[in-house]
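Participant: One structure coming up, written as structure tokens, with questions to follow.
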Amino acid sequence: MFELKDKIALVTGAGSGMGRTHALALASQGTKVAVTGIDESKCIPVVEEIKTKGGEAICLKLDVSDKASVDAAFDETIKQFGRLDILVNNAGIYVPKPALELTEEEWDRTIDINLKGQFFCAQRAAKEMMKNKWGRIINISSIASGQIGIGMAEGAHYTASKGGIIGMTETLAIEWAPFGINVNVIGPGAIDTPMVQAAQIPKEAMSALLAGIPLKRIGRPEEVSAMVVFLASEEASYITGATFYVDGGWLAS
Ligand code: NAD
């Protein structure tokens, strides 16, 4: 089950946190991975780790907010690996700011990276995947995405971008189903990555957060990567347009 031998994947924001573990997890199932990031130097150790474990990977610079950079990285992936089967739209930023203080520039930067970036990576990926009538696009949203998810103080720009990903995914799933491309969302809860570490959540606030999570701990990046591997696999063939929360039961409580 979940063998992904000789599939070709591109992971964005793969130099740290969950992007890194998504790349490693896919590679461990036999997938060749384009490990991409805005800072190439962070991707090199990930590629080396994959190669040490016997996998195949390349490192590419990719700023998801810049369409020319998106096109260049996808072109290079196709040049080196011949096609594309799997896209993990993982890159994202979270810069907390009270809504009353948010500037136009801060709003635009978050939307450009978290939402526009995912769209143009997905569009470019779909143009490749439709040639082979097989594709998996996995968009990383968040529990902080409104509706079934939650709102988050100081995250109006972030929750807007993450909620937008869910609506966008449902639409892309409908449009691209005839081409054999499945598009789904993963909404992680609180996961132990540089993003959460940078937020420097005070001890009391962290205790309160954990109290609301049935599993009483924050998640490990690998626990989200397991869902990535499943959604990327052939076994997920009848799943598209869906959102899966990996949150330790947070939304259930
Ligand atoms: P992270 O900060 O380690 O990862 C984000 C990555 O995106 C970094 O490698 C960063 O360099 C990259 N990035 C930033 N701007 C970029 C750009 N313009 N182009 C390309 N790459 C860029 O944190 P993480 O927690 O691993 O985040 C991964 C994803 O998971 C993000 O989309 C984040 O919003 C989402 N998420 C995280 C949590 C959590 O609790 N950690 C919860 C829900 C959702």
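The values are calculated or read from the model by the stated rules, or taken from the named source; none is laboratory data. All of these numbers come straight from a predicted model, not from anything done at the bench. FYI the Cβ positions are ideal-geometry reconstructions off the backbone, even for glycines, and counts take in every protein chain you see. We work out accessible area using only protein heavy atoms, side chains counted, and drop any ligands, DNA or RNA first. Shrake-Rupley method; radii C 1.70, N 1.55, O 1.52, S 1.80 Å.
Participant: Evaluate the distance, in nm, between pseudo-label points positioned 7 Å from the Cα of Lys67 and of Asn132 along their respective Cα→Cβ axes.
Facilitator: 2.6 nm
Participant: Helix-only mean residue ellipticity at 222 nm, the chain, DSSP H runs n ≥ 4 weighted -39,500 (n - 2.57), per residue, nearest 500. What is it?
Facilitator: -13500 deg cm²/dmol
Participant: Give a quick list of trypsin sites (Lys or Arg not before Pro) in the range 175-253 that DSSP marks as loop, anything other than H, G, I, E or B, with at most 16 other Cβ atoms within 10 Å.
Facilitator: Lys216, Arg217
Participant: Next question, about the same structure. Per residue, how much accessible surface does the range 8-245 expose to a 1.4 Å probe? Answer in Å², no decimals.
Facilitator: Ligands and nucleic acids excluded, the result is 45 Å² per residue.
Participant: At 1.4 Å probe size, what's the solvent-accessible area of Met227? Round to the nearest 10 Å².
Facilitator: 40 Å²
Participant: Please compute the Kirkwood hydrodynamic radius of the chain from all pairs of different C-alpha atoms, in Å with one decimal.
Facilitator: The answer is 18.1 Å.
Participant: Kindly provide the trypsin sites (Lys or Arg not before Pro) of the range 13-70 that DSSP labels as loop, not H, G, I, E or B, and whose Cβ sees at most 14 other Cβ atoms within 10 Å. All intermediate terms of the calculation are to be shown ahead of the outcome.
Facilitator: Working: sites: Arg20, Lys32, Lys42, Lys51, Lys53, Lys61, Lys67; in loops: Lys53.
The qualifying sites are Lys53.
Participant: Could you work out what % of the accessible surface of the range 4-80 is carbon and sulfur, using a 1.4 angstrom probe and leaving DNA, RNA and ligands out of the count?
Facilitator: Reported share for carbon and sulfur atoms: 49 percent.
Participant: Working out 0.36 nm times the residue gap between Asp6 and Glu56, then minus their Cα-Cα distance, what length gain in nm do you get to one decimal?
Facilitator: Once the chain is fully extended between Asp6 and Glu56, it gains 17.1 nm.
Participant: Can I ask one more? Cα centroids of the range 49-125 and the range 24-47: how far apart, whole angstrom?
Facilitator: Value for the Cα centre distance between the two parts: 13 Å.
Participant: With a cut-off of 8 Å between alpha carbons and a minimum separation of six or more residues, what is the relative contact order of the chain in percent?
Facilitator: That works out to 20 percent.
Participant: A further question follows. In straight Cα distance, which lysines are under 30 Å from Lys216, not counting same-chain residues fewer than 8 positions off?
Facilitator: Of all the lysines, those that pass the test against Lys216 - Cα under 30 Å, at least 8 places apart if same chain - are Lys97, Lys162, Lys203.
Participant: Moving to a separate point now. Extending each Cα 7 Å along its Cβ direction at Lys79 and Lys203, get the distance between those two points in nm, one decimal.
Facilitator: 5.3 nm
Participant: Follow-up. Distance from a point 7 Å along Cα→Cβ of Glu106 to each backbone N in the range 188-231: keep the residues under 13 Å and list them by number.
Facilitator: Correct set: none at all.
Participant: Additional query: Give the residue from Phe179, Gly146, Val47 lying farthest towards the positive end of the charge dipole for the range 46-192; charges sit on Cβ (+1 for Lys and Arg, -1 for Asp and Glu) and the dipole is referred to the Cα centre.
Facilitator: Phe179
Participant: Quick one: putting +1 on the C-beta of Lys and Arg, -1 on the C-beta of Asp and Glu, what dipole do you get for the range 8-245 around its Cα centre, in Debye to the nearest 20?
Facilitator: In total the dipole reaches around 540 debye.
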